[in-house]
Amino acid sequence: MRNVYFLVEGRSCEKRVYPTWIDKLNPGLSRVPSVQLASENSFYIFSGCGYPRILDVALKNTVSELNSLPQYTDLVICLDGDEIGVAPRVQEVFKRLSALDVQLLHASLHVIIQNRCFETWLLGNNSLRTISPIGSPLREYLAYHNVFVEDPEKCGHYDHRFTYNQFHKEYLRELMHGCGGSYNPSRPGAAISQAFIGALESRVQQQSDHLESFQHFLGLIRSL
């Protein structure tokens, strides 16, 4: 039996997308709408309402809550690597956890770092190739780092106007627009579909050295 608590950074995007993705990757897990309702092979998702609040406030509250709910076997913390990347962010999570005056009593901890952010993973969908003429600024973005050929997790922040997070969101919006769609973290559109996660799975099967942090996510969800 596994009951999994997901503490995610995003205020809305991951809460909307992850349930569909988890259902495809591990259909044996069922989502519950309330944390107390977990009984057998279920999962619950809670938003930490952004960084640094997820570590400043939500982490301690979640640990305390899980200690009173022994049916939970796993705590999965999902947050962006942003400017510092995967290893330093993982270290930050464990440092914050060790500094708490309360520790996990029974749930196993797993940390997923979205490198550089959740939208970086979405850039790995090769089906986002537009069939219409490519205009500006997408043409310049593809010339800077072609995410269909190069690893999206290796994509920089373009120029001084952007952080990694900002540029990868902007890049994704332009790609989705070129395909006749749209993207907003509160309205992630096609990213919610099982077809989208299926395309990302195909990408890493074909290019196994790409999207390393996403592959860690896939492995973890399948193993739960």
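The values are calculated or read from the model by the stated rules, or taken from the named source; none is laboratory data. Here the structure is a predicted model, which means the values were calculated and not measured. Here Cβ is always computed from backbone atoms with ideal geometry, including for glycine, and neighbour counts include all displayed protein chains.
Can you confirm whether region 153-162 contains a residue that is within 30 Å of Asn41 (Cβ to Cβ) and surrounded by fewer than 19 Cβ atoms within 10 Å (Cβ to Cβ)?
So the first thing to find is which residues in region 153-162 are within 30 Å of Asn41 (Cβ to Cβ), and the list is none.
No; the residues of region 153-162 include none that is within 30 Å of Asn41 (Cβ to Cβ) and surrounded by fewer than 19 Cβ atoms within 10 Å (Cβ to Cβ).
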Check: (1) more than 20 Å from Cys117 (Cα to Cα); (2) of a type in the set (A, V, I, L, M); (3) in contact with a helix residue (DSSP H, G or I) (Cβ under 8 Å, 6 or more places away or on another chain): which one isn't true of Ile45, the others all being true?
Finding: (1)
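Residue-wise test of (1) surrounded by fewer than 20 Cβ atoms within 10 Å (Cβ to Cβ); (2) more than 30 Å from Gly156 (Cβ to Cβ).
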position	(1), (2)
Pro27	yes, yes
Cys49	yes, no
Pro52	yes, no
Lys60	yes, yes
Leu66	no, yes
Ile77	no, no
Checklist line | Residues being aliphatic (A, V, I, L, M) and in a helix (DSSP H, G or I) - total across region 202-224 | finding: 4
Check: If we scan region 168-181, do we find a residue that is under 23 Å from Thr20 (Cα atoms), surrounded by fewer than 19 Cβ atoms within 10 Å (Cβ to Cβ), in contact with a helix residue (DSSP H, G or I) (Cβ under 9 Å, 6 or more places away or on another chain) and small (Gly, Ala, Ser)?
Finding: yes
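If the requirement is being in contact with a helix residue (DSSP H, G or I) (Cβ under 6 Å, 6 or more places away or on another chain), touching a residue at least 12 places away in the same chain (Cβ under 8 Å) and hydroxyl-bearing (Ser, Thr, Tyr), which of these qualifies: Tyr164, Tyr158?
Tyr158
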Notebook entry, point to check: Using beta carbons and a limit of 8 Å, which pairs, at least six apart or on different chains, have the first residue in region 75-88 and touching a residue at least 60 places away in the same chain (Cβ under 8 Å) and at positive phi and the second one in a loop (DSSP other than H, G, I, E, B) and charged (D, E, K, R)?
Noted result: Asp82/Arg116
Notebook entry, point to check: Can you pull out the residues in region 31-67 that are within 19 Å of the chain's Cα centre (by Cα), part of a helix (DSSP H, G or I) and free of Cβ contacts under 8 Å to residues at least 24 places away in the same chain?
Noted result: Arg53
Margin query: Restricting to region 119-154, count the residues that are part of a loop (DSSP other than H, G, I, E, B), under 23 Å from Gln194 (Cβ atoms) and not aliphatic (A, V, I, L, M).
Written below: 5
Note to self: Looking at Ala143, Ala87, Ala107 in this structure, which one is buried (at least 16 other Cβ atoms within 10 Å of the Cβ) and either more than 30 Å from Pro70 (Cβ to Cβ) or in contact with a Phe, Trp or Tyr (Cβ under 8 Å, 6 or more places away or on another chain) (or both)?
What the structure shows: Ala107
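Give region 66-116 a look and list any residue that's among the acidic types (Asp, Glu) and within 23 Å of Val35 (Cα to Cα), or say none.
Kept after step one, since they are among the acidic types (Asp, Glu), are these residues of region 66-116: 74, 80, 82-83, 92, 101.
Answer for region 66-116, where residues must be among the acidic types (Asp, Glu) and within 23 Å of Val35 (Cα to Cα): Asp74, Asp101.
For (1) part of a strand (DSSP E or B); (2) within 20 Å of Arg11 (Cα to Cα); (3) at pLDDT 95 or above, each residue gets a yes or a no:
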| position | (1), (2), (3) |
| --- | --- |
| Leu69 | no, no, yes |
| Leu79 | yes, yes, yes |
| Glu83 | no, yes, yes |
| Gln91 | no, no, yes |
| Lys95 | no, no, yes |
| Leu105 | no, no, yes |
| Val111 | yes, yes, yes |
Notebook entry, point to check: For region 5-30, which residues satisfy the criterion of being closer than 20 Å to Glu201 by Cβ and either part of a loop (DSSP other than H, G, I, E, B) or hydroxyl-bearing (Ser, Thr, Tyr) (or both)?
Noted result: Tyr18, Thr20, Asn26, Pro27, Gly28, Leu29
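Results for (1) part of a helix (DSSP H, G or I); (2) modelled with pLDDT of 95 or more; (3) in contact with a Gly (Cβ under 8 Å, 6 or more places away or on another chain); (4) farther than 17 Å from Val8 by Cβ, shown as yes or no for each residue.
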{"site": "His160", "(1), (2), (3), (4)": "no, yes, no, yes"}
{"site": "Phe167", "(1), (2), (3), (4)": "yes, yes, yes, yes"}
{"site": "Tyr171", "(1), (2), (3), (4)": "yes, yes, no, yes"}
{"site": "Met176", "(1), (2), (3), (4)": "yes, no, yes, yes"}
{"site": "Ile197", "(1), (2), (3), (4)": "yes, yes, no, no"}
{"site": "Leu200", "(1), (2), (3), (4)": "yes, yes, yes, yes"}
